[in-house]
Structure formats: structure tokens, C-alpha cells
1. What's the number of the condition Asp118 fails, among (1) of a type outside the set (Val, Ile, Thr); (2) over 21 Å from Leu50 (Cα atoms); (3) touching a residue at least 12 places away in the same chain (Cβ under 8 Å); (4) exposed (fewer than 12 other Cβ atoms within 10 Å of the Cβ)?
2. Please count how many residues of region 59-76 are in contact (Cβ under 8 Å) with a residue 60 or more places away in the chain and touching an Asp or Glu at 6+ places or on another chain (Cβ under 8 Å).
3. Being within 25 Å of Pro117 (Cα to Cα), of a type in the set (Ser, Thr, Tyr) and surrounded by fewer than 19 Cβ atoms within 10 Å (Cβ to Cβ) is the requirement here; does Ser77 meet it?
4. Check Ala36, Ala119 and return the single one that is in contact with a His (Cβ under 8 Å, 6 or more places away or on another chain) and more than 15 Å from Gly10 (Cα to Cα).
5. Please enumerate the residues belonging to region 1-51 that are touching a strand residue (DSSP E or B) at 6+ places or on another chain (Cβ under 7 Å), more than 20 Å from Ala89 (Cα to Cα), assigned to a loop (DSSP other than H, G, I, E, B) and not small (Gly, Ala, Ser).
6. Being of a type outside the set (Gly, Ala, Ser) and more than 12 Å from the chain's Cα centre (by Cα) is the requirement here; does Ile51 meet it?
Amino acid sequence: MYSTRTSQDGSYRFIPAVYQYSGGVAAEPGFRIERAQLAVAVALDRGLQLIEAHLKQAGRPLTALCACELRSPEPFSEGGFDAFNRLYASRLDQWGVLQGEVNPVARTNICPEIGKPDAVSLHAFSYTVPDNGARASFVVAGSGEAPEGGRAMRRVRFGLAMPAPRACVPRRNG
């Protein structure tokens, strides 16, 4: 079982992971998670400006941001990934989202083969809104699908040879 922490504004809880993203988020009682998808992905810097404007218009604090869905043209080098993450995390820190070196925002960053962007781009984002009658809502970070190990071991692409799956045993209830 994972331990969770509460976001700065108290509207969601998250699984602490690494400085660049959390393991996932879930709305606290009295809130729900709203997802906003851009009609067309935009460069990340512009995307962050759009998030800021959208949250302001929605009457939500920047600390209500709980997830980002990014698109990248190619996988990063180790150094490039670290540099990108430092810039991304510094923007969240400026917004008051980070808790020290802990980032509560879940994130997915994929490199599509078809329709790949020219630069790292924002595809969608999620944030919390008050809703006393809301059903439970959550977002899981994309890293949850990655195998354990170094970042090089986490890359998955079409045609990549993967180890054969282990035999599955059907589960019976009762």
C-alpha cells in the first residue's frame, strides 16, 4: 500500500514519487478532478500559460493543478530529461505547487510516432473543482506502466522485443 500526502490547497491527495511527478492523484471528498484537453497540443511554455489562464478563469488556485499530459518528439537523453524536468518543476515551484522537492502533480509524457510534435507540448491537464456530490476521481501517472529499473529500461515502443509474459492463472471469486 502506498502512503499519500495532501496537496497544498487540500483538494487532492497524491502518491509521492520523484521531483518531476507524483505516482498519481485522487480528489479529496468535496472535490472532483476535471480534465481539459487542448484542441491541438501547444509548446509546453505556451501550455503552462494556458493552464494558468484557465485556472484563473475557473476561479481555481494554481495549486489545484493535479496532472499534465505531455507529448515529446523523441525520447530524451539522460541529461536532456533531467534539464527538462528541472525547468518543468521550477515552474510548478513558482506556482506554489511543489512541497519542497516533492511534486504532487501526476504526469504522462509520450513520444508519438504519428503526429509527433516539434517540441515538448501540452496535450491535456487536470485540476480539482469543488463538488460535494462528486464520485471518486483519480489520475495515475504514466510511470506506473513502466517496469522498475533505470530510465533506459522504461522505454517502450512499437516492435520492441519484450520478455514473454508469465502464464496467468484465472482468478475465481468466492
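The values are calculated or read from the model by the stated rules, or taken from the named source; none is laboratory data. The structure displayed is predicted, hence computed values, not measured ones. Methodologically, a virtual Cβ is constructed for each residue, glycine included, from the backbone with ideal geometry; neighbour enumeration extends over all protein chains shown.
1. For Asp118, the failing item is (2).
2. Within region 59-76, residues that are in contact (Cβ under 8 Å) with a residue 60 or more places away in the chain and touching an Asp or Glu at 6+ places or on another chain (Cβ under 8 Å) number 1.
3. When the stated conditions are applied, Ser77 passes them.
4. On the way: Ala119 fails: in contact with a His (Cβ under 8 Å, 6 or more places away or on another chain).
Checking each option against the conditions leaves just Ala36.
5. Result: Glu28, single match.
6. When the stated conditions are applied, Ile51 passes them.
Conditions tested, residue by residue: (1) touching a Phe, Trp or Tyr at 6+ places or on another chain (Cβ under 9 Å); (2) at pLDDT 95 or above; (3) closer than 17 Å to Phe125 by Cα; (4) in a helix (DSSP H, G or I).
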| position | (1), (2), (3), (4) |
| --- | --- |
| Ala53 | no, yes, yes, yes |
| Gly59 | no, yes, yes, no |
| Cys68 | yes, yes, yes, no |
| Phe76 | yes, no, no, no |
| Gly80 | no, no, no, yes |
| Phe84 | yes, no, no, yes |
| Leu87 | no, no, no, yes |
